[in-house]
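Read through the structure below, which is laid out as structure tokens, and then see the notes.
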Amino acid sequence: MKTFSVAVFSVIACVALASFADAETPAVDADKAKPKRISFAFVNDIHGQLEPHPELFWSDDDAQREHRAGGLSRIATAMDQLQSERPQGMLKIDGGDTFQGSGPAAWTKGEAMVDPLNALNLDFAIPGNWSVVYGTKQFQKLSSMVNYPMIAANILDEATGELVFEPYLVKEINGVKIGLLGFTDPDVPTRQPPHMSEGWTFQQAEVLQPLIDKLRNTEKVDVVVLVSHIGLHRAVPLTSKLQGVDVHLSADTHERTYEPIEVGDAWVVEAGAFGTLVGVLDLVVADGKIVDRNWELIELREKAFPESPEVKKTIDEVLEPHRERMNREIGHTDIWLERYNVMSTSMDRLIADAVKESAKTEVGLSNGYRFSPPTAPGPITEADLWNWLPIVLDLKVGTATGQQFMDYWENEFENVFSSDPERLYGGWLARPSTNMDVEFNSTDPAGERLLSLKVDGKPIDPARSYTLAAGARAGQPDDQIHRMKHCKSTETLDRTTHDAVRNYLSKHSDILDTGKAPLHCVVRPDVLRSQYLAFIKERNEHEKNKEHDKDSETDE
């Protein structure tokens, strides 16, 4: 929190001129100069998680696991409490990726989320990259069913060229005029299968500055809040390019920014995922300028925030038709299955090994998804499986040469560790089956990061063909498996990734371990919670090394 002080002589001067000011300055100007507090509560990337769930909290290397954190009923409690502490008014904002990510959400095309979301009385939301998962028409239907507006400045109807949603809102709280601008990922047509976003086109960030100028100059707002769904690693550099943004509420990468990121005079923040955290931002505004500000990221732990009985009742009613399916047991685990790691995770090692075993191939691949809260030790249910894999994908098999595998990993490293923020992709590294060993240096130049690649303990042969399997994205080229292009002898099997996991769990009924992490970065610990912080740290190390090399050359 920043504090602002005024020199004593200024106070004396103000007192001396008070009578003059009263006589010459309109009352409205005096009111405008008076400091006024405004507040925002922010959630993002709920990913269909209606109920409390197992969760992992961490600070550096200290990890704490809880069995029943988060859920919309706790969000309601937290927001009600925050609002009662802020009688001046508070806006409640959702940063997108809300209707996808769980079984009930998938089975109802997002409609199971509507009544519980309406119970939160949100002020507005923006679309996320997964908002199109059920098609654009279904998302427009969902948008019409919720009791709050959706805003986005860069989604156009392909047929008419018109904006699908309003680009911004103007709200007034406690006498402060606020411009709220929405922006979602322009890469949706490539990040998601293209058929999902059919009928819409997505514009780039160039649309934002004219709208910010309009908010400032025409709408005469005091504060501009940009809400985006492009990921923290892109939100930060974008903020530095824009003039007139005071606050940037970021979503997509599930980053937990306990401390705001300062970009010039603006703050950039992100509030985790899965309804596990709520961010609250307080601003003090005087004379149309922010003179004080504070950000807090609140963990919705079970003991700290009881569930709202009213919202819990709504959720129970919505989920009652799905309970039997959700609770069906398909396996058991003695360990926590988690996905909070840029590189390798216990959850995805299980999935990739299941894909390999079901397809009877030499290598299995799983997507580097960010969504899904952890699964705690105990029964593994259908609800857990659909948290892990909320989209049904057919298994696809084929062959690729060792050289193709080597090129594939170099491309994956660039997607996740590029020195260019615009090159960074939305997900984390792909997850291979545990019989593959991948050693790399994330700080090396693009195309030179892979140090060692083995299958079944043997160095990969660039000329040899290997069989592989992964879930098939609808609309991808016939010769592509995962992001491996130009595969040979491809075939789509009559089973899905869900089938593969169910069959694997039936044979390995009690998960005691998911094996050694197949991905190892030689300059980082095996557990890396944040892609963005890794990018920043690596860039700083790179710049430091460059300076050291320059100094060494000078000494010589």
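Data table
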{"item": "Inter-probe distance in nm under a simple model that places probes 7 Å from Cα toward Cβ, at Asn121 and Glu491", "result": "6.0 nm"}
{"item": "Dipole in debye (nearest 20) - region 34-100, about Cα centre, beta carbon charges: Lys, Arg +1; Asp, Glu -1", "result": "620 debye"}
{"item": "Formal net charge of residues neighbouring Leu91 (Cβ-Cβ distance under 12 Å; K, R +1; D, E -1)", "result": "-1"}
{"item": "Förster-model FRET efficiency, 51 Å R0, Asp461 and Glu259, C-beta, rounded to 0.05", "result": "0.60"}
{"item": "Net charge of Cβ neighbours under 11 Å - reference Ala446; Lys, Arg +1; Asp, Glu -1", "result": "-3"}
{"item": "Within region 399-516: Cβ-based charge dipole about Cα centre, in debye rounded to nearest 20 (Lys, Arg +1; Asp, Glu -1)", "result": "340 debye"}
{"item": "Region 442-529 shape via C-alpha gyration tensor axes, a/c threshold 1.5", "result": "oblate"}
{"item": "Mean ellipticity per residue at 222 nm, deg cm²/dmol - from DSSP H runs of n ≥ 4 across the chain, formula -39500 (n - 2.57)", "result": "-9000 deg cm²/dmol"}
{"item": "Label of the coordinate-derived value, Rg and Dmax of the Cα atoms in Å, listed as (1) 23.1, 75; (2) 26.7, 86; (3) 25.2, 89", "result": "(3)"}
{"item": "Extension reserve of the Trp336-Lys141 stretch, reckoned as 0.36 nm per residue once the Cα distance is removed", "result": "66.5 nm"}
{"item": "Antiparallel DSSP beta bridges within the chain, percent to nearest 5", "result": "70 percent"}
{"item": "Cα-based Lys pair tally, region 22-177, threshold under 13 Å, eight or more apart or on separate chains", "result": "5"}
{"item": "Ordering of 271-279, 251-259, 402-410 by burial proxy (mean other Cβ atoms within 10 Å per residue, highest first)", "result": "271-279, 251-259, 402-410"}
{"item": "Positive-end residue, region 307-439 charge dipole about Cα centroid, Cβ charges, pick of Asn435, Met326, Gly368", "result": "Met326"}
{"item": "Ordering of 416-425, 198-207 by burial proxy (mean other Cβ atoms within 10 Å per residue, highest first)", "result": "416-425, 198-207"}
{"item": "Ordering of 72-80, 331-339 by burial proxy (mean other Cβ atoms within 10 Å per residue, highest first)", "result": "72-80, 331-339"}
{"item": "Mean accessible surface per residue for the chain, computed with a 1.4 Å probe while every protein chain stays in place, in Å²", "result": "43 Å²"}
{"item": "Within region 272-303, backbone nitrogen closer than 17 Å to the virtual label 7 Å beyond the Cα of His67 toward Cβ", "result": "301-303"}
{"item": "Neighbourhood charge, 10 Å Cβ-Cβ cut-off, centred on Asp437 and excluding it, Lys, Arg +1 and Asp, Glu -1", "result": "+1"}
{"item": "Using a Förster distance of 22 Å, the FRET efficiency for Ser59-Val522 (Cβ separation, nearest 0.05)", "result": "0.30"}
{"item": "Dipole axis of the chain (+1 Lys, Arg; -1 Asp, Glu on Cβ), positive-most option in Gln243, Val269, Leu82", "result": "Leu82"}
{"item": "For region 442-518 versus region 74-111, the gap between their alpha-carbon centres in whole angstrom", "result": "36 Å"}
{"item": "Unit charges on C-beta of K, R, D, E only; dipole of the chain, Debye", "result": "800 debye"}
{"item": "Prolate/oblate/rounded label for region 224-305 (Cα gyration tensor, a/c 1.5)", "result": "oblate"}
{"item": "Residue-span extension gain [Asp157 to Glu219] - 0.36 nm each, minus C-alpha spacing", "result": "19.8 nm"}
{"item": "Farthest positive-ward along the chain dipole, Cα basis, beta-carbon charges - from Val355, Val224, Leu50", "result": "Leu50"}
{"item": "Cα→Cβ-extended label distance, 7 Å offset, between Asp394 and Glu206, nm", "result": "3.9 nm"}
{"item": "Difference of contour (0.36 nm per residue) and Cα-Cα distance, Gln243 to Arg323", "result": "23.8 nm"}
{"item": "Separation of the Lys289 and Arg301 label points, Cα + 7 Å toward Cβ, nm", "result": "4.0 nm"}
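The values are calculated or read from the model by the stated rules, or taken from the named source; none is laboratory data. All of these numbers come straight from a predicted model, not from anything done at the bench. Cβ: placed from backbone, ideal geometry, glycine included. Neighbour counts: every protein chain shown. Just so you know, the surface numbers come from the protein's heavy atoms only, side chains and all, with ligands and any DNA or RNA stripped out. Shrake-Rupley method; radii C 1.70, N 1.55, O 1.52, S 1.80 Å.
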